[in-house]
Amino acid sequence: MTALRHRWLASISEIDADVWQSFFADNPFTDHAFLFALEQSQCVSAATGWQPYHLAVYQNDTLVALAPGYLKSHSYGEYVFDWAWAEAYQQHGLDYYPKWLCGAPFSPIEGPRIAVDYAQPEQIYQYITALLTAHCQQQGWSGWHINFCTQQQASHLTAQQGMHRIGVQFQWQNQGYADFDDFLAQLTARKRKALKKERSKIAQQNITIKWLQGEQITLAVMSQFCEFYQRTYLKRSGHLGYLSHDFFVLLHALMADKLVIMHAIRDGEVIAATLSFKSNNTLYGRYWGALEEVDCLHFELCYYQGIEYCINQQLSCFHSGAQGEHKIARGFAPVFTHSVHHVLDADFSPAIADYLQREQQHLRIYHRQCTELLPFKNAV
């Protein structure tokens with residue numbers, strides 16, 4: 001333990017991309033290029049409330065752990081909601097912000113958040129949690145948070161001062177289906193009929209779907225997608241979204257091989273599109289945009305086409321983002337997500353721990369109820 005030391009990084013560019021990738025190999029949302037694009041486009045910065053503050057841990061001169069981190073002045077774009085905690089702090093005349101967050105900005109995607117390459121990882125977790133707690137005390141921050149980590153990592157961190165929080169998302173699992181019809185054959189007759197009816201409406205409206213990936217995604221294609229994304233955000237939320245045109249341009253330049261764009265085309269015109277990321281075994285559906293409302297097009301482009309793509313590419317999982325109970329009827333099963341939290345205030349910490357314990361009981365019941373609603377013939 002005495003040989004361990006650390007360094008704070010004010011930018012992802014302070015560490016070599018290949019070195020970073022050797023720790024975070026196959027999750028697009030902790031990819032050096034993804035985080036670099038966010039920083040260079042100023043989507044994450046002190047001005048946007050996402051000040052980069054990454055952590056590197058060394059044993060003597062050997063790098064043994066990395067964690068993408070941000071000093072947060074709000075809780076937007078995290079998908080692990082702690083607004084009630086911040087409000088309670090405010091009501092008692094205390095500052096909840098800033099706080100330190102380890103996670104992938106704007107991405108509710110689970111993965112190793114602290115990447116460790118060390119023979120005794122428990123020592124690293126012990127060192128990091130003690131460091132984070134001491135640093136928060138020194139800086140006057142309310143605490144530290146590690147969002148969408150793996151269950152194993154949550155167990156390590158909970159053993160070292162952290163409070164474990166679970167959530168529920170819905171993901172589609174590929175059971176070795178030969179094609180979409182093979183998938184449909186596993187559903188109950190009523191659900192199978194409903195899905196076929198939704199899909200038939202796309203052809204009836206003279207809409208075709210085209211997949212683009214790698215070199216097929218040109219700068220013009222990416223710019224067009226950005227327009228769709230911003231239009232949809234503006235209509236839904238009154239702003240243009242967290243991500244700028246510059247971000248999408250950099251994404252195209254740095255990560256085209258990990259991107260999939262799906263176009264909905266009618267009369268030769270692209271009327272809607274999705275942007276997904278892919279790893280070796282998973283498709284991550286992330287962003288969607290459309291020029292107009294079209295019956296069932298969102299289901300087709302955001303869910304059914306992703307399922308078809310995974311079957312075609314022999315990917316094992318389709319992760320279609322946070323929330324969405326409507327996904328259950330379309331074969332997306334509930335899965336638990338995990339985060340770990342530590343707040344310094346001695347009065348608030350027990351209250352939050354009690355809240356998380358009660359929340360966990362409710363979510364486990366919810367998970368079971370959702371599982372019972374799955375459309376498969378052999379569903380529990």
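If we keep just the residues of region 93-124 that are in a strand (DSSP E or B) and in contact with a helix residue (DSSP H, G or I) (Cβ under 7 Å, 6 or more places away or on another chain), which is surrounded by the most Cβ atoms within 10 Å (Cβ to Cβ)? Among those residues, the one meeting the criterion is Trp100. Contact annotation: residue pairs with Cβ atoms under 8 Å, 6 or more positions apart or on different chains, pairing a residue in region 7-24 that is over 12 Å from Asp117 (Cβ atoms) with a partner that is surrounded by fewer than 17 Cβ atoms within 10 Å (Cβ to Cβ), are Arg7/Tyr58.
Residues of region 259-284 that are more than 12 Å from Phe29 (Cα to Cα), open to solvent by less than 50 Å² (accessible area, probe 1.4 Å) and among the small types (Gly, Ala, Ser): Ala264, Ala272, Ala273. Here Gln51 qualifies as closer than 24 Å to Gln139 by Cβ, open to solvent by 30 Å² or more (accessible area, probe 1.4 Å) and part of a strand (DSSP E or B). Taking region 265-316 as the range and being β-branched (Val, Ile, Thr) and in contact (Cβ under 8 Å) with a residue 40 or more places away in the chain as the test, the residues that pass are Ile265, Val270, Ile271, Val294, Ile307, Ile311. Among the residues of region 243-258, the ones that are buried (at least 20 other Cβ atoms within 10 Å of the Cβ) and in contact with a Cys (Cβ under 8 Å, 6 or more places away or on another chain) come to 3 in all. Got at least one residue in region 27-42 being within 25 Å of Gln138 (Cβ to Cβ), in a loop (DSSP other than H, G, I, E, B) and open to solvent by 10 Å² or more (accessible area, probe 1.4 Å)? Looking through region 27-42, none of the residues is within 25 Å of Gln138 (Cβ to Cβ), in a loop (DSSP other than H, G, I, E, B) and open to solvent by 10 Å² or more (accessible area, probe 1.4 Å).
Tallying residues that are polar (S, T, N, Q) and not in a loop (DSSP other than H, G, I, E, B) within region 70-92 yields 2. Within the span defined as region 348-371, every residue fails to be outside any helix (DSSP H, G or I), touching a residue at least 12 places away in the same chain (Cβ under 8 Å) and touching a strand residue (DSSP E or B) at 6+ places or on another chain (Cβ under 9 Å). Do we find a residue being aliphatic (A, V, I, L, M) and either part of a helix (DSSP H, G or I) or within 24 Å of Ala194 (Cα to Cα) (or both) anywhere in region 336-347? Scanning region 336-347 turns up no residue that is aliphatic (A, V, I, L, M) and either part of a helix (DSSP H, G or I) or within 24 Å of Ala194 (Cα to Cα) (or both).
Of all residues in region 149-187, those that are open to solvent by 60 Å² or more (accessible area, probe 1.4 Å), in contact with a strand residue (DSSP E or B) (Cβ under 9 Å, 6 or more places away or on another chain) and not in a helix (DSSP H, G or I) total 3. Residues of region 289-305 include at least one that is open to solvent by 40 Å² or more (accessible area, probe 1.4 Å), assigned to a helix (DSSP H, G or I) and either over 26 Å from Thr150 (Cα atoms) or among the charged types (D, E, K, R) (or both).
Of the helices (runs of 4 or more DSSP H) lying entirely inside region 188-286, those containing at least 1 residues that are outside the structural domain of Glu39 (by the TED database) and aromatic (Phe, Trp, Tyr) span 219-237, 245-255.
Kindly establish whether Asn312 is in contact with a Leu (Cβ under 7 Å, 6 or more places away or on another chain), surrounded by fewer than 18 Cβ atoms within 10 Å (Cβ to Cβ) and either of a type in the set (Gly, Ala, Ser) or under 27 Å from Glu110 (Cβ atoms) (or both). No. Among the residues that make up region 335-345, is at least one of them farther than 28 Å from Pro98 by Cα and modelled with pLDDT of 95 or more? Yes.
The values are calculated or read from the model by the stated rules, or taken from the named source; none is laboratory data. Not measured: the values here are computed from a predicted model. Cβ: placed from backbone, ideal geometry, glycine included. Neighbour counts: every protein chain shown. Ligands, DNA and RNA are stripped out before the accessible areas are found, and what is left, the full protein with its side chains, is counted by its heavy atoms. Shrake-Rupley method; radii C 1.70, N 1.55, O 1.52, S 1.80 Å.
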